[in-house]
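*Asks:* Below you'll find the structure I mean.
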Amino acid sequence: AKESDPQRDYLIGLAHLYGIGAEPNVTRAFSRIATAARAGLVEAHLKLAEMHWDGTGVPVNRQAALNVMETLLCRQKHQHQTAKSPEVSATYAKALARMAQMLCEMGKYEQALPHAKQARQISSDLSLKDNAYDLLCAEHALLLGEIHFCLGNTGKGSIYLLEAFAYGGSDQDEEYSAFWRRFLTLSL
């Protein structure tokens, strides 16, 4: 039997999902993407969680989406602790932030808070070593500020907004535009 290639399974799953080269087939898409996720492919976990979250090819199931993210976080935490790679750490921070965002969308701000704090700490540590991670740190500080505002902690929320502003800099390229729109919406 031929050994499975998670990246290949994921790409074939996307092709089935979006109808690339053939008619869309969400059942096959889900199956291939789930196989790639079980093999540990980060992108597949994120897509699988998104499919459950949005109901793409499967019924909307927020708890299943959170379960997929929790599995991803467990794997990424281990890799973050052992690999000591900035790329692995950034991927872990992004997954933590996504989990926090999902919990926020469910109104579970207290549960979101530790994920957002950890994402912000990791991205802040990365930013201290390489300013290429400044925008990531700004996004995570903004997320943490949003959560504090939703919890009624306006003082802490304001501090994180200021931190987000400091890390966000004044660059006006496309990469920063979504960040600045969120920042301005929250700060006004």
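The values are calculated or read from the model by the stated rules, or taken from the named source; none is laboratory data. On a predicted model such as this, the values are computed, not experimentally measured, just so you know. Reconstructed Cβ throughout: ideal geometry from the backbone, glycine too, with neighbour counts over all protein chains shown. Just so you know, the surface numbers come from the protein's heavy atoms only, side chains and all, with ligands and any DNA or RNA stripped out. Shrake-Rupley method; radii C 1.70, N 1.55, O 1.52, S 1.80 Å.
*Asks:* Pairs, please: C-beta under 7 Å, at least 6 apart or cross-chain, first residue in contact (Cβ under 8 Å) with a residue 12 or more places away in the chain and in segment 113-128, second among the β-branched types (Val, Ile, Thr)?
*Replies:* The qualifying pairs are Leu113/Ile147; Ala116/Ile147.
*Asks:* I would also like to ask the following. From the set of residues in segment 1-57 that are closer than 14 Å to Thr71 by Cα and outside any helix (DSSP H, G or I), which is most open to solvent (accessible area, probe 1.4 Å)?
*Replies:* Per the stated criteria, the residue is Ala39.
*Asks:* Let me ask something else about it. Of the residues in segment 86-145, how many are open to solvent by less than 20 Å² (accessible area, probe 1.4 Å) and of a type outside the set (A, V, I, L, M, F, W, C)?
*Replies:* Result for segment 86-145: 7.
*Asks:* Out of curiosity, is Ala29 closer than 22 Å to Ala97 by Cα and in contact (Cβ under 8 Å) with a residue 12 or more places away in the chain? Can you show your working first?
*Replies:* Values: closer than 22 Å to Ala97 by Cα: no; in contact (Cβ under 8 Å) with a residue 12 or more places away in the chain: yes.
No: the conditions fail for Ala29.
*Asks:* Further, regarding this structure: Show me the helices (runs of 4 or more DSSP H) entirely contained within segment 95-188 in which 2 or more residues are at pLDDT 90 or above and touching a Lys or Arg at 6+ places or on another chain (Cβ under 7 Å).
*Replies:* On the way: elements: 109-129, 134-150, 154-168, 174-187.
Hits in segment 95-188: 134-150.
*Asks:* Tally up the residues in segment 58-74 that are surrounded by 19 or more Cβ atoms within 10 Å (Cβ to Cβ) and closer than 18 Å to Pro24 by Cβ, please.
*Replies:* 0
*Asks:* Can you name every residue in segment 137-157 that is out of contact with any Cys (no Cβ under 8 Å at 6 or more places or on another chain) and over 22 Å from Ser89 (Cβ atoms)?
*Replies:* The answer is His148, Phe149, Leu151, Gly152, Asn153, Thr154, Gly155, Lys156, Gly157.
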